1. Could you calculate the contour length gain from residue 240 to residue 10, that is, 0.36 nm times the residue separation minus the distance between their Cα atoms, to one decimal place in nm?
2. Enumerate the calculated ³J(HN,Hα) couplings along the range 119-127 in order (Karplus 6.51 cos²θ - 1.76 cosθ + 1.60, θ = phi - 60°), each rounded to whole Hz, writing x wherever the residue is Gly or Pro.
3. Please report, in debye to the nearest 20, how large the charge dipole of the chain is about its Cα centre when each Lys and Arg carries +1 at its beta carbon and each Asp and Glu carries -1 there.
4. Label-point separation (nm) for residue 75 and residue 219, each offset 7 Å from Cα along Cα-to-Cβ?
5. I'd like the Karplus ³J(HN,Hα) series for the range 209-226: coefficients 6.51, -1.76, 1.60, θ = phi - 60°, whole numbers in Hz, and an x wherever there's a Gly or Pro.
6. Say each of residue 112 and residue 255 gets a label point 7 Å from the Cα, pointing the same way as Cα to Cβ; how far apart are those two points in nm?
7. Please report, ordered by residue number, every helix of the chain (full DSSP H runs) that is 18 Å or longer along its axis going by C-alpha atoms and whose mean Kyte-Doolittle hydropathy reaches -1.0.
8. Rounded to the nearest 20 Debye, what is the dipole magnitude of the range 1-73 about its Cα centre when Lys and Arg each give +1 and Asp and Glu each give -1 at the C-beta?
Amino acid sequence: MMKKFGHNSVVLFLRACLYFIGTFSTILFFSPLSLLLVILFVPYRWRFKIISRWGHFNIWWLKITCGVGYRVEGLGNIPNDTAAIIYSKHESTWETYAMQKFFPPHAWIMKRELLWIPLFGWGLASLNPIAIDRKSGSKAIHQITDLGTRKLNEGQWVMVFPEGTRVKNGRMKRFGIGGALLAEKSGFPIIPVAHNAGAFWPRGKFIKTPGTIQIVIGQPILSTGKTVSEINAEAEQWMQTTMERINGRAIEIVARK
């Protein structure tokens with residue numbers, strides 16, 4: 001794949017432009033559709049199934065235009081008899097699309113400012129995310145645990161980026177307590193997900209580098225009888241070890257600010 005597309009900057013730029021055109025033109029269709037589905041009181045699971053097709057399209061279109069494919073390992077670790085908390089590495093925009101492809105309908109824990117983005121925010125709002133104000137401190141934590149537990153008990157999965165923000169490939173930020181506290185209080189397991197999407201689609205970069213993203217879905221991390229610190233320590237250890245295997249080098253651990 002790398003040999004086929006090459007690394008000519010002009011070619012990569014043009015391919016990235018094609019990707020952007022496809023993404024933008026399709027969101028003009030899916031955003032009004034998401035509002036219509038809410039107005040018509042379409043059940044959540046059907047809304048998710050329909051609106052997530054935009055994410056599926058973006059994954060496919062990225063491969064067609066930019067030569068960025070993926071290889072996934074561990075799909076058999078996804079339980080089919082219980083809801084769970086997805087703990088994903090956060091390096092790129094790519095994983096926000098990809099998780100919709102691999103996992104059952106789920107609600108994102110995310111900063112509320114994302115809902116204010118024209119068009120894109122409409123689609124997010126229609127999927128009932130847990131939108132928090134990061135500056136509200138303990139109020140945001142209570143919102144995560146209360147709403148998250150309610151959704152999990154209703155059979156809906158919850159998506160967490162425990163690093164809190166996108167981190168450059170080769171680095172890993174210490175995990176926040178929100179997701180682990182939700183796991184401790186709800187008793188639901190965590191499904192850890194490692195990937196190296198940032199090596200091909202880095203944060204804030206328009207040009208994508210051709211190649212194959214590697215995704216690893218780990219075995220469930222049980223939360224029953226464990227403290228928040230124990231849950232996060234186990235998840236962090238798995239993530240660090242798996243990311244080092246994917247990248248083939250040591251991972252730099254970055255402290256939370």
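Read-outs: derived from the displayed coordinates by stated rules, not from any lab. Since this is a predicted model, take the numbers as computed values, not measurements. A quick note on method: Cβ atoms are made from the backbone with ideal geometry, for glycine too, and the neighbour counts reach across all protein chains shown.
1. 79.3 nm
2. Working through the residues one at a time gives 6, 4, x, 4, x, 4, 4, 5, 9 Hz.
3. In total the dipole reaches around 740 debye.
4. Result for the modelled spin labels: 2.1 nm.
5. Going residue by residue, I get 9, x, x, 10, 6, 9, 10, 10, 9, x, 5, x, 9, 6, 9, 4, x, 10 Hz, with x marking Gly and Pro.
6. Roughly 3.1 nm, to one decimal.
7. 9-39, 44-66, 138-153, 228-247
8. On the way: 9 positive and 1 negative charges, 40 e Å.
In total the dipole reaches around 200 debye.
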